[in-house]
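Okay, structure first, notes after.
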Amino acid sequence: ALDLGIPLTLISEAVFARCVSSFKEQRVQTGKLFARTATPVEGGKQEWVEALRQALLASKIISYAQGFMLIREAGESYGWDLDYGNTALLWREGCIIRSAFLGNIRDAYEANPDLVFLGADPYFKNILENCLPAWRKVVAKAVECG
């Protein structure tokens, strides 16, 4: 991804979080240096569960979008003749990914084989637009809570 100049922020952060988690002793010791404060969360439990569900949904779409951007750029850079819709279906059958989205991704690339950003497809764009307020709310509260 770095060599091709494609952002894979969600995947990169997952890798970095795994690296940080390996420093458990240091994290525990450092955590004792700072006072913990409770941050009030307005709204009911169900409201936050729904906001978290929508934020996760939007994050999953962006993760797939970034992954397919990388696949597209690699295909162009290395001269691969790829069928992005069929690539999505390959994962659905026999891979750990197996997401329901993969059929929708196939549909998006069948409708527009030149699609660069998955979020520009009408199906995914609609979901992102609907989830964006909740996604912002969850991210803002996470930052506020530290």
Task: Net charge of Cβ neighbours under 13 Å - reference Gly5; Lys, Arg +1; Asp, Glu -1 - done: -2
TODO: Report the extension gain between Glu47 and Ala1 in nm, rounded to one decimal, defined as 0.36 nm multiplied by the number of residues separating them, less their alpha carbon distance.
DONE: 12.9 nm
Open item on the list: Need the list of lysines near Lys125 for cross-linking: C-alpha distance under 23 angstrom, and skip anything on the same chain fewer than eight residues off.
Closed with: Lys60, Lys137
Open item on the list: Just to check I understand the Karplus step: with θ = phi - 60° and J = 6.51 cos²θ - 1.76 cosθ + 1.60, what whole-Hz values come out for segment 41-58, glycine and proline as x?
Closed with: 10, 7, x, x, 4, 5, 4, 6, 4, 5, 4, 5, 4, 5, 5, 5, 4, 4
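Given R₀ = 41 Å, what would the calculated FRET efficiency be for Ala142 paired with Leu90, taking r from the Cβ atoms and rounding to 0.05?
0.75
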- [ ] Quick one: give the max-minus-min coordinate of the C-alpha atoms of the chain along each principal axis, largest first, in Å.
- [x] 55, 35, 28
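Each reported figure results from applying straightforward, stated rules to the coordinates on display, with no laboratory input. These numbers were taken from a predicted model, which means no experiment stands behind them. In this analysis, Cβ positions are derived from the backbone assuming ideal geometry, glycine residues included, and neighbour counts consider all displayed protein chains.
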